[in-house]
Amino acid sequence: QSGQAAEPGNPARRNFMKTSALASLAGAAGLALAGCGRKGDQAGATGPAKAASAAGELSDHVPPGQLDEYYGFWSGGQSGEVRIVGVPSMRELMRIPVFNPDFTIGWGVTNESKRVLGPNFPPGGDCHHPHMSQTDGHYDGRYIFINDKAHTRVARIRCDVMRTDRITDVPNVQAIHGLRVQRAPRTGYVFANGEFLIPAPNDGRDLDDPKKYQTMFSALDGDTMEVVWQVLVDGNLDNTEADYAGKYAISTCYNSERGMDLPGTMEAERDWVVVFDIARIEAAVKKGDFKTIGSSKVPVLDGRHGSSFTLYIPIPKNPHGINASPDGKYVVANGKLSPTVTVMEWSRIDDCFAGKLKDPRDTVVAEPELGLGPLHTAYDGRGNAYTTLFIDSQIAKWNIADAIAAHAGKKVNYLRQKIDVAYQPGHCHTSMGETRDADGRWLVSLNKFSKDRFLPTGPLHPDNDQLIDISGETMKLVADGPVYAEPHDVILLHRRLLIDKVKKSWDRDDPFFAETVAMAKRHGINVLSDSKVIREGRKVFVYMTSAAPIFGMGSFKVKKGDEVTVVVTNIDAVEDVTHGFCIVNYGINMEISPGATASATFTADKAGVFWYYCTFFCHAMHMEMSGRMLVEA
Ligand code: CUK
Ligand code: CUA
Ligand code: CA
């Protein structure tokens with residue numbers, strides 16, 4: 001690839017995008033952005049680097065039959081799902097329904113999925129931040145946790161079967177945005193930010209008294225998925241992060257003003273990050289130093305200014321992302337409306353909690369100016385950081401040690417390079433970059449706008465997730481990856497962490513369908529061999545096997561008005577022979593992969609003949625894999 005490949009699209013279009021983004025931000029509040037100059041360009045590398053990389057350049061080409069080196073787990077935004085994408089090929093491998101109904105596998109249709117979603121699950125979700133469980137700062141391959149901003153929930157995905165297994169409603173708050181996991185000694189806690197300010201309890205009181213609105217930081221137990229404590233904060237909460245020692249969590253706040261509208265959130269020159277001292281919080285919970293709100297039993301601690309277990313560090317202006325460096329030493333808050341990012345040192349946070357610093361700002365060791373709209377920062381494990389600049393449509397590469405030296409007054413240039421991305425990046429993420437194993441090979445820039453980069457698809461454009469080689473001295477754009485709306489964040493992990501842990505068929509004793517199998521047992525059914533109808537009053541249970549190309553039952557009869565539960569067990573032992581079970585005109589479809597049992601319950605409210613058939617192409621005689629449900633009037 002030539003260096004020219006790094007020059008995206010049409011420069012005039014780029015400038016137009018920047019101007020309009022600036023105008024709308026500034027215009028909304030009648031404010032100009034602070035530090036609007038392009039001083040950040042002093043590295044002289046806004047365009048692609050011309051120098052050839054000393055290291056071999058990386059390619060996105062993965063030949064047919066070859067496996068990708070990395071798993072990428074992409075959040076699906078308001079689609080409510082998570083996607084598995086191979087990196088570097090950027091091929092979508094699988095979708096994992098989480099908060100969204102999905103007719104392909106019957107998520108929201110099957111009883112097994114409804115047990116996870118809850119019986120009256122609300123439609124959809126808005127998931128931003130997927131993070132894998134860790135042990136001592138390394139991915140451990142157990143779970144991926146993800147937030148739902150739309151319905152104030154946190155979900156867990158099992159990585160052995162790539163299926164959502166728990167969803168927890170978080171009480172006392174509204175809209176979970178930031179989400180991270182405890183890195184050490186293990187996950188452990190899952191930290192979740194409540195973003196919006198609401199009355200407590202939110203039952204109709206104090207509607208017109210925003211001074212009484214509040215929000216909280218929540219910790220879930222990653223093993224039980226229970227909310228174990230909450231901490232009331234000043235301001236609101238945006239993104240969150242954890243340290244590498246297991247001592248702290250830290251969240252950005254963009255609304256220290258407690259504004260109820262856009263201008264209101266932009267009044268102050270500085271907002272803050274709030275640091276949570278986990279040991280002190282646990283001690284306070286143990287001591288009973290908490291209250292509960294409404295019908296929730298979750299301990300709520302008061303972590304507002306003056307509390308001994310929180311620390312508020314002023315940060316310019318409406319900070320957004322917060323990212324800990326993989327050496328375990330620093331954490332970076334991204335300024336959004338300030339052209340700066342703020343680097344804090346964890347050991348100084350220790351000192352501040354210990355009363356050894358007189359000003360919380362003394363935890364700050366650098367505040368480099370990078371460009372317009374810094375949102376998120378990623379790391380290469382070689383001392384460099386990569387920050388997305390939303391308004392500039394660039395990634396800025398900068399050196400942490402040099403930024404600290406510059407802050408101390410030395411004449412050094414911490415900026416290494418800026419690369420144009422297309423267009424308007426939100427998150428960026430490096431391979432293994434949120435763990436001690438950051439390997440500095442790939443960076444993905446999750447761009448919110450694709451504009452002119454792809455064939456037109458109607459007024460709704462895909463996002464553009466760009467793959468950038470960071471293995472050498474200079475960043476190189478390698479590939480564009482169009483994606484369906486709207487991934488916010490991604491994690492990239494080496495395949496060695498999962499490739500042997502992922503099951504290729506279901507274990508018969510898997511908890512995901514254990515309740516259904518136990519029900520069969522109560523009915524005297526061996527689901528591996530029996531195809532039988534059991535009637536209990538108006539409830540009818542239809543058990544059948546499936547083995548390519550035949551269901552264990554060619555027809556069954558029920559009466560109009562019966563509540564029917566169909567239970568299908570795939571007894572094909574052959575890897576990849578998945579069956580589906582769809583009843584025509586009845587809204588039922590479910591996927592049954594090898595070794596699985598799946599079930600769905602519905603009311604037979606239409607009399608007549610209704611064919612059921614297999615929806616996954618499983619055999620030469622797949623079309624013939626069908627049967628009849630006979631509903632007597
Ligand atoms: S994000 Cu959720 S609003 Cu920067 Cu993680 Cu965009
Ligand atoms: Cu079974 Cu198609
Ligand atoms: Ca603010």
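Quick look at the numbers
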item: Within straight-line cross-link reach of Lys329, lysines at Cα separation under 16 Å, skipping those fewer than 8 residues along the same chain; result: Lys247
item: Accessible surface, per residue, of the range 139-256 when the full set of protein chains is kept, probe 1.4 Å, Å²; result: 28
item: Per-residue SASA entry for Val502, accessible area with 1.4 Å probe, Å² rounded to 10; result: 40
item: Ellipticity estimate at 222 nm from DSSP helix runs (n ≥ 4, -39,500 (n - 2.57)) divided over the chain, nearest 500; result: -3000 deg cm²/dmol
item: Solvent-accessible ranking of Glu563, Glu195, Glu267, Glu575, largest area first, probe 1.4 Å; result: Glu267, Glu575, Glu563, Glu195
item: Alpha-carbon Rg with Dmax, taken over the range 74-207, Å; result: 15.5, 53
item: For the range 543-596, Kirkwood radius (reciprocal of mean inverse C-alpha pair distance, Å); result: 12.1
item: The range 176-198 and the range 476-491: distance between their alpha carbon centers, rounded to Å; result: 24
item: Average projected area [Cα convex hull, the chain], square nanometres; result: 31.0
item: Lys/Arg +1, Asp/Glu -1 at C-beta; the chain dipole; positive extreme among Gly86, Gly288, Ala403; result: Gly288
item: Proximal charge balance of Arg83 [Cβ under 10 Å; K/R count +1, D/E count -1]; result: -1
item: Largest to smallest principal axis extent of the C-alpha atoms in the range 331-457, angstrom; result: 59, 31, 28
item: Within the accessible area of the chain (1.4 Å probe), percent carbon and sulfur; result: 53
item: Percent antiparallel among DSSP beta bridges (both partners in the chain, rounded to 5); result: 90
item: Largest-first principal axis extents, alpha carbons of the range 255-340, Å; result: 43, 39, 22
item: Highest average packing first - 205-211, 583-589, Cβ atoms within 10 Å; result: 583-589, 205-211
item: Mean Cβ count within 10 Å, highest first, over the residues of peptides 551-562, 85-96, 423-434, 439-450; result: 423-434, 439-450, 85-96, 551-562
item: Gyration tensor verdict on the range 189-263 (Cα atoms; rounded if a/c is under 1.5, prolate if a/b is larger than b/c, oblate otherwise); result: oblate
item: Accessible area (Å², 1.4 Å probe, nearest 10) - Glu269; result: 120
item: Over the range 399-457, equivalent-ellipsoid semi-axes from the Cα gyration tensor in Å; result: 30, 17, 8
item: The range 585-629, accessible area per residue, ligands and nucleic acids excluded (1.4 Å, Å²); result: 43
item: Shape call, the range 229-388: gyration tensor on alpha carbons, a/c limit 1.5; result: oblate
item: Ratio of the Cα radius of gyration of the range 396-512 to 2.2 N^0.38 Å, where N counts its residues; result: 1.40
item: Cα gyration tensor, the range 506-573 - rounded (a/c under 1.5), prolate or oblate; result: oblate
item: Straight-distance crosslink candidates among lysines, where the alpha carbon sits under 24 Å from Lys448 and sequence neighbours closer than 8 are dropped; result: Lys18, Lys149, Lys317, Lys336, Lys397, Lys418, Lys476
item: Per residue Cα convex hull volume in Å³ - calculated over the range 476-534; result: 211
item: Around Ala573: net Lys/Arg minus Asp/Glu count, Cβ-Cβ under 14 Å; result: -1
item: Accessible area of Arg382 in the full protein assembly, 1.4 Å probe (Å², nearest 10); result: 110
item: If the convex hull is drawn through the Cα atoms of the range 456-612, its volume per residue in Å³; result: 200
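The values are calculated or read from the model by the stated rules, or taken from the named source; none is laboratory data. Note that the coordinates shown come from a computational prediction; the quantities given were computed from them, not determined experimentally. Reconstructed Cβ throughout: ideal geometry from the backbone, glycine too, with neighbour counts over all protein chains shown. Each accessible area value is taken on the protein alone, full model and side chains, heavy atoms only, with ligands, DNA and RNA left out. Shrake-Rupley method; radii C 1.70, N 1.55, O 1.52, S 1.80 Å.
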